[in-house]
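What follows is a short report on a single structure.
The values are calculated or read from the model by the stated rules, or taken from the named source; none is laboratory data. Everything numeric in this text was worked out from a predicted model, so none of it was measured. No Cβ is skipped: glycine too gets one built from the backbone with ideal geometry, and neighbour counts run over all protein chains shown.
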Amino acid sequence: MENMNNMNNMNKINLDFNGIIKKIKQIDFGKVDSVVAISRGGIVPGALIANLLKVDFHIININFRDDCHNEKYDTPKLLNKIDFDTKNKNILLVDDVSRTGKTLNFAKELLNTNVRTFVINGTADYSLYDYKECLIFPWN
């Protein structure tokens, strides 16, 4: 469960690991052949979901923002080649946060198959929260 009492003057919300897992388990993702995480933020939630669904797990390294979430480039950049097959796959694309959708949309175009999206916070096909405040994930 999120801890709103632990907010400091910078309006940060601490998320609880067990609360995140509980919310993920309540989602019916439908048919998923592979989970693809966007590095770095999507790695932990992506691995958790892939494990729960018992499907393949892959990582793509896309960079768009710096550690303070400021845009680093005009558009997201793929930093390494996609080295797994996506043809005719049902992919769940995972990231930690999505506000503008630029990174998720860029990744969907690269994967070029049936892709649904999941984020811990923000806008996607599946999302646990839609907080405007900065979140502190339990794995950070």
Q | Residue among Phe106, Phe118 that alone is farther than 15 Å from Pro45 by Cα and at pLDDT 90 or above | A | Phe106
Q: Taking the options Leu135, Leu79, name whichever one is surrounded by 14 or more Cβ atoms within 10 Å (Cβ to Cβ) and not hydroxyl-bearing (Ser, Thr, Tyr).
A: Leu135
**Q.** Leading residue by the ranking (surrounded by the most Cβ atoms within 10 Å (Cβ to Cβ)) among those in segment 88-102 that are under 21 Å from Tyr131 (Cβ atoms) and either within 10 Å of the chain's Cα centre (by Cα) or at pLDDT 95 or above (or both)
**A.** Val94
Q: For segment 40-87, enumerate the residues that are among the hydroxyl-bearing types (Ser, Thr, Tyr) and at pLDDT 90 or above.
A: Thr86
Q) Among the residues of segment 100-119, is there at least one that is in contact (Cβ under 8 Å) with a residue 24 or more places away in the chain, within 22 Å of Lys22 (Cα to Cα) and charged (D, E, K, R)? A) yes
Q | Selected residue (only one of Asp74, Asp33, Asp95, Asp125 is touching a residue at least 40 places away in the same chain (Cβ under 8 Å) and under 29 Å from Lys12 (Cα atoms)) | A | Asp95
(Q) Given the criteria surrounded by fewer than 20 Cβ atoms within 10 Å (Cβ to Cβ) and modelled with pLDDT of 95 or more, does Tyr126 qualify? (A) yes
Q. Just to be sure, is Ile120 buried (at least 17 other Cβ atoms within 10 Å of the Cβ) and touching a helix residue (DSSP H, G or I) at 6+ places or on another chain (Cβ under 8 Å)?
A. yes
